[in-house]
Amino acid sequence: MVIIYFAGHGATETDTLSPDGDGLEKYLLPVDAKPEDLYASALPMRELSHIFNRLRSERLIFIADACYSGAAGGRTISITGGLRARISDKFIDRISSGKGRIILTASGANEVSAEKPELKHGVFTHYLLQGLEGAADINQDSLITVDEIYTYVSTEVPRETGQEQHPVKKGTVEGRLVLGVVNE
């Protein structure tokens, strides 16, 4: 099993050849990304999809606390001149396609992933960590599954953000997929 977690910023730029039909390329931004040259300094989501396809694991979980909407604020930066870009949900479907692959994102494609200084993380990451520490263990078996963590963040994140942010889970896997064990 491979687990990849990214918390940071996302951005979009115009791409008429976008496989998602929205005219946008989506990027994950490392700390030294250059907004004026995303192609050379950030990780395009289409490349992430390629990386996922090359991994030889039975199960892949990608967890992202970032947004790609191009809106001001939250975990995104505006490349589209401050205009809110409408992003197709197809890009999440595209990167989640494949056997044993789960994608868990902090927000919908056109939502901002909120940050709150008092939480010391993005809202999603705060509740993800709280859930992995045991709050998501719905059936009290000391195992935190993907489904349990998703149920937990899907309840807590919208509540904390006034229904402005809704985590998304895509992909399928057979059986229970355990993310963590609760230490008693």
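The values are calculated or read from the model by the stated rules, or taken from the named source; none is laboratory data. From a predicted model like this one, the values you see are computed outputs, not experimental measurements. All Cβ positions, glycine included, derive from the backbone under ideal geometry; neighbour counts span all protein chains shown.
Scan segment 8-18 and tell me whether some residue there is modelled with pLDDT of 85 or more, over 23 Å from Lys169 (Cβ atoms) and not acidic (Asp, Glu). Within segment 8-18, not a single residue is modelled with pLDDT of 85 or more, over 23 Å from Lys169 (Cβ atoms) and not acidic (Asp, Glu).
Against the numbered list (1) surrounded by 17 or more Cβ atoms within 10 Å (Cβ to Cβ); (2) in contact with a helix residue (DSSP H, G or I) (Cβ under 8 Å, 6 or more places away or on another chain); (3) at pLDDT 80 or above; (4) not in a helix (DSSP H, G or I), Asp32 comes up short only at (1). Across segment 113-165, the qualifying residues are those that are part of a strand (DSSP E or B) and of a type outside the set (D, E, K, R), and the one among them that is farthest from the chain's Cα centre (by Cα) is Leu143.
Just to be sure I understand, how many residues within segment 148-162 are within 12 Å of Ser113 (Cα to Cα) and not aliphatic (A, V, I, L, M)? Don't jump to the end; show me each part of the working.
So in segment 148-162, the residues within 12 Å of Ser113 (Cα to Cα) come out as 157-158, 160-161.
Next, from what is left, pick out any that are not aliphatic (A, V, I, L, M): 158, 160-161.
Counting residues in segment 148-162 that are within 12 Å of Ser113 (Cα to Cα) and not aliphatic (A, V, I, L, M) gives 3.
Within segment 17-37, residues that are under 19 Å from Ala66 (Cα atoms) and of a type outside the set (Val, Ile, Thr) reach partners that are at pLDDT 75 or above and exposed (fewer than 11 other Cβ atoms within 10 Å of the Cβ) with beta carbons closer than 9 Å, at six or more positions or on different chains, in the pairs Glu25/Leu17; Lys34/Ala40.
Residues in segment 131-166 that are polar (S, T, N, Q) and either over 12 Å from Gly180 (Cβ atoms) or free of Cβ contacts under 8 Å to residues at least 12 places away in the same chain (or both): Asn139, Gln140, Thr151, Ser154, Thr155, Thr161, Gln163, Gln165. Right, Leu83: at pLDDT below 80 and farther than 26 Å from Leu132 by Cα or not? Against the criterion (at pLDDT below 80 and farther than 26 Å from Leu132 by Cα), Leu83 qualifies. Is there a residue in segment 42-65 that is part of a helix (DSSP H, G or I), of a type in the set (Ser, Thr, Tyr) and at pLDDT 90 or above? Looking for residues that are part of a helix (DSSP H, G or I), of a type in the set (Ser, Thr, Tyr) and at pLDDT 90 or above, one finds none in segment 42-65, hence no.
Hey, can you tell me all the residues within segment 127-177 that are small (Gly, Ala, Ser) and closer than 13 Å to Leu104 by Cα? Steps first, please.
Quick first cut of segment 127-177, residues small (Gly, Ala, Ser) only: 131, 134-136, 142, 154, 162, 171, 175.
Matches in segment 127-177: Ser154, Gly171.
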